[in-house]
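Right, one structure below, let's go through it.
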Amino acid sequence: MSDCLFCKIIAGDIPADKIYEDDDVLAFHDIGAQAPHHFLVIPKKHIATLNDVDDAALVGKLTLTATNIAKELGFSDDGYRVVMNCNEQGGQTVYHIHLHCLGGRQLSWPPG
Ligand code: AMP
Ligand code: ZN
């Protein structure tokens with residue numbers, strides 16, 4: 001998708017602070033971090049919203065990539081949150097699915 005921000009990051013047209021990359025997924029630090037640790041994991045395939053997902057393995061890989069990174073960065077035992085926002089009322093602003101991983105501080109519940 002030529003007009004998709006995250007596709008441009010995947011293509012290298014927009015810089016990102018990358019953490020991990022393989023054939024299927026890319027992880028990079030969120031530019032507007034909401035916690036001491038806040039990174040995104042995205043599929044390399046363009047999928048606009050969670051409603052468009054039909055690949056359970058891919059979503060599983062997004063999650064496992066996040067947990068592996070949380071372990072490597074050393075905050076998995078303290079705890080963290082993974083979340084995917086879907087459409088307007090879910091708070092989605094970039095329409096290429098992404099899993100947020102936040103940690104490094106006490107997170108409140110419910111989210112706003
Ligand atoms: P959402 O609101 O769930 O769609 O999340 C989109 C996230 O993308 C936000 O947390 C933004 O801070 C983040 N974001 C937007 N542009 C960039 C960028 N160029 N590099 C890294 N993160 C970004
Ligand atoms: Zn995209």
How many of the residues in region 1-49 are in a strand (DSSP E or B), of a type in the set (A, V, I, L, M, F, W, C) and within 13 Å of ligand 1 (Cβ to nearest atom)?
8
For region 82-112, what are the residues that are crowded, with 16+ Cβ neighbours inside 10 Å and farther than 22 Å from D55 by Cα?
L102, G103, G104
Contact list please: Cβ distance under 7 Å, first residue in region 1-15 and more than 9 Å from ligand 2 (Cβ to nearest atom), second residue in a helix (DSSP H, G or I), pairs at least six apart or on different chains.
I14/L5; I14/K8
Would you check if L107 is outside any loop (DSSP other than H, G, I, E, B), modelled with pLDDT of 95 or more and in contact with a strand residue (DSSP E or B) (Cβ under 8 Å, 6 or more places away or on another chain)?
no
Can you say whether V59 is surrounded by 11 or more Cβ atoms within 10 Å (Cβ to Cβ) and within 14 Å of ligand 1 (Cβ to nearest atom), as far as the supplied structure shows?
no
Quick check, is I31 free of Cβ contacts under 8 Å to residues at least 24 places away in the same chain and over 15 Å from the mean Cα position of the chain (by Cα)?
no
Considering (1) surrounded by fewer than 14 Cβ atoms within 10 Å (Cβ to Cβ); (2) not hydroxyl-bearing (S, T, Y); (3) not in a loop (DSSP other than H, G, I, E, B), say which one D78 fails and leave the rest.
(3)
Matching residues in region 81-104 - criterion: being over 17 Å from P36 (Cβ atoms) and part of a loop (DSSP other than H, G, I, E, B):
M84, N85, C86, G91, Q92, T93, V94, Y95, H96, I97, H98
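The values are calculated or read from the model by the stated rules, or taken from the named source; none is laboratory data. What you see is a predicted model, and the numbers here were worked out from it, not measured in a lab. Note that we place each Cβ from the backbone using ideal geometry, even for glycine, and neighbour counts take in every protein chain shown.
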